[in-house]
1. Restricting to the range 32-42, name every residue that is within 12 Å of VAL103 (Cβ to Cβ) and either open to solvent by 60 Å² or more (accessible area, probe 1.4 Å) or among the hydroxyl-bearing types (Ser, Thr, Tyr) (or both).
2. For the range 72-85, what are the residues that are over 14 Å from LYS29 (Cβ atoms) and loosely packed, with under 13 Cβ neighbours inside 10 Å?
3. For residues in the range 92-105 being farther than 16 Å from ASN32 by Cβ and open to solvent by 40 Å² or more (accessible area, probe 1.4 Å), which is nearest to the chain's Cα centre (by Cα)?
4. What are the residue pairs meeting all of these: first residue in the range 32-45, first residue closer than 21 Å to PRO57 by Cβ and free of Cβ contacts under 8 Å to residues at least 40 places away in the same chain, second residue open to solvent by less than 80 Å² (accessible area, probe 1.4 Å) and among the aliphatic types (A, V, I, L, M), Cβ atoms under 9 Å, and 6 or more apart or on different chains?
5. If a residue must be open to solvent by 60 Å² or more (accessible area, probe 1.4 Å) and either touching a strand residue (DSSP E or B) at 6+ places or on another chain (Cβ under 8 Å) or within 21 Å of VAL104 (Cα to Cα) (or both), how many such residues does the range 44-71 contain?
Amino acid sequence: MLRFVMPAALACGLLATAASWSEDAPAIKIDNFTFSPAKLTVAKGTEVTWTNRDDIPHSIVLTGAGVRSKALDTDGSFSYRFDKAGTFTYICGLHPQMHGQVVVK
């Protein structure tokens, strides 16, 4: 009986590890013309990924950094590594009323 318990326990541990890794990855979702979360705080050197969940294209423009993504179709994503501390404001290049912030410490 013990031989059946060990593989199951090991599998549960691996699944829990994979789930916590994906939950900890800094990500911003684009949905219903909003960025969620609208403000994200990360450590210097962190890569942040934006993913478009809307049915229309969006883009990411880091206004003070001179960084611009291509238009992201549904389920498209864009990643940027923040190597400097500071507050970085961004907008959607196609819908400038959409805005958010990444705070890098």
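The values are calculated or read from the model by the stated rules, or taken from the named source; none is laboratory data. Note that this is a predicted model, so its numbers are computed, not measured. Quick reminder, even Gly has a Cβ in these numbers, built from the backbone with ideal geometry, and neighbours come from all protein chains shown. In case anyone asks, the SASA skips ligands and DNA or RNA and just uses the protein heavy atoms, side chains included. Shrake-Rupley method; radii C 1.70, N 1.55, O 1.52, S 1.80 Å.
1. Passing the criteria: LYS39, THR41.
2. Scanning the range 72-85 gives ASP73, ARG81, ASP83, LYS84, ALA85.
3. Going through the qualifying residues, I end up with GLN101.
4. Listed by first residue and then by second, the contacts come to SER36/ILE28; SER36/ILE30.
5. The number of residues fulfilling the criteria is 8.
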